[in-house]
Each structure stands twice: as C-alpha cells, then as structure tokens.
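These notes concern the structure reproduced below.
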Amino acid sequence: MNKLAAIASVFAAALIAAPALADDFPAAISVSGEATVSAAPDLAQIDAGVANDAKTAKEASDANNAAMGKVLLALKAAGIAEKDYQTSRLSLQPQYAPNRSGGASPVVGFRASNRVTVKIRDVTKVAGIIDTLVGAGANDIGNISFEVTQASKLLDDARVQAVADARRKAEIYAKATGVTLGSPLSVSEGGGPVPLFKARMATAPMAAAPASVAPGEETLSVTVSVSWAIKQGQ
C-alpha cells in the first residue's frame, strides 16, 4: 500500500468508526481545487508630471500651469477622453540655498509641480502616448500599470475549473479508501486576481528615444474548498 492510500485509509476508517458523531457530522472528504487563467490586459494607467523652477512662487506656478496645459492639450489631441485623465498631485515648494554654517538657509526660489494620471483604453497606444507626453513637455513619467477589466468574467471560468479540480482530487481519495462520492456539502472560495503588474519608469528626458512597453499577460487565480459526502462503495 502506498503512502497516499495508507493515509486515506486511516482517514476514512476514523470517519466510519465514529458513529456517535455521524448524525451531527456526516462523513465527508474535503479538498481544495485550484485554477488559473491568463489574459492580455486591456487597460493601462500611467502617471506623468511637469516641474518648473523660478525665482518667485507666482513665476513657478504660472510656468507650471502653462506647461501642464500643453500636456493636457496633447492628450486631448491624441484621442484621450477628458474623463480618462485626472490631476493626481499638485505642489509648490520653496527651494533653499545650501548652508554649511548651521544657520537658517535662505529661500532662493520655488518649484511648482503637477502630476496627471492617464488611463489608456487601448494598450497598443501606450508607447505612443508616452512619446506624446514627453514631446509636450512632461519631464517625469512614473508608474505604469496594466489591468484586465473583464476579470470577473474570466474568474467565472476559473471557478468552474477549480471545482472540477476539487472533484478530481476527491475522487482519488474516494477510490483509495473504497468509498464513493455523494453530493457536495459545502463550497467556499479563497484567493482572487493576483496583484496587478506594475513597471517603474525612470524620468524621461525631452530627447528620449521612442518608448518601448511590453504589456505581457495578467494571471488570475481561484482556489475553492469543497466537502463531498461519502458512502460505502457499491
């Protein structure tokens, strides 16, 4: 008798040998089933920003507003709907001169920065949009993330596969212990989509070469736990 059969036999014997508990806890085999599905992402999201330095806060703010205005116009010209880009960060900070004497550092200027988050609903256009942003004056391209928007539908297929995997395992145990499977007593789900893939990009210079972006595939996973009633083999 191999190790799996021995363990399964002890498991089944313990269940059958406890008639006092049979009324409250029906004999069962409990297993977990797993399934994964992969899909190409159909939505991308990127962050882009502009930063400007000037002697006064107003000069820095005005220059930054003008720079971001050009970026937003470029996005609109590239076919990005207004609902798909949103300001994510806006700041105006004083800049201090280096001070090695330990005293208070004088303010020598101001830096204004503005960041926008852009959703791209055609992932084949990501590289082109990045080039457009840089060409329009964006000097900081940040996070890039990809997403499968139809994840729920894909997960439904994975759920069916996971239950089938659970039945396959349960039938192995049932055969090894000389019992047959009855109806499922309970089903519970754990897990879900794996974390989104995110790629970091360094700051893009104005003369950057055309961007290269690889969306790849997203993997979605489901785990289910199923308890099956068992009865003595015929």
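The values are calculated or read from the model by the stated rules, or taken from the named source; none is laboratory data. Values in this document were obtained by computation on a predicted structure and should not be read as measured data. In this analysis, Cβ positions are derived from the backbone assuming ideal geometry, glycine residues included, and neighbour counts consider all displayed protein chains. The area values use the complete protein model at the heavy-atom level, side chains included, leaving out ligands, DNA and RNA. Shrake-Rupley method; radii C 1.70, N 1.55, O 1.52, S 1.80 Å.
Charged neighbours of Gly182, selected by a Cβ distance under 15 Å, balance to +2 (K, R count +1; D, E count -1).
So what is the relative contact order for the stretch 69-114, in percent, with contacts set as C-alpha pairs under 8 Å and at least six apart?
35
For the set Val116, Val108, the ranking by accessible area, highest first and with no ligand, DNA or RNA atoms included, is Val108, Val116 under a 1.4 Å probe.
Length available on full extension from Arg168 to Thr180: 0.36 nm per residue minus the Cα-Cα distance, which gives 3.1 nm. Note on Ala77 and Ser145: with the Förster distance fixed at 30 Å, the Cβ-Cβ geometry gives a FRET efficiency of about 0.80. Take the stretch 59-178 with all the other protein chains still there, run a 1.4 Å probe, and you get 57 Å² of accessible area per residue. Here the calculated FRET efficiency for Glu189 and Thr87, from their Cβ-Cβ distance with R0 = 35 Å, stands at 0.40, rounded to the nearest 0.05. For the stretch 18-154, the square roots of the Cα gyration tensor eigenvalues, ordered a ≥ b ≥ c, give a/c of at least 1.5 with a/b no greater than b/c, which places it in the oblate category. Placing a label point 7 Å from the Cα of Ser101 along the Cα-to-Cβ direction, no residue of the stretch 43-73 has a backbone N closer than 18 Å.
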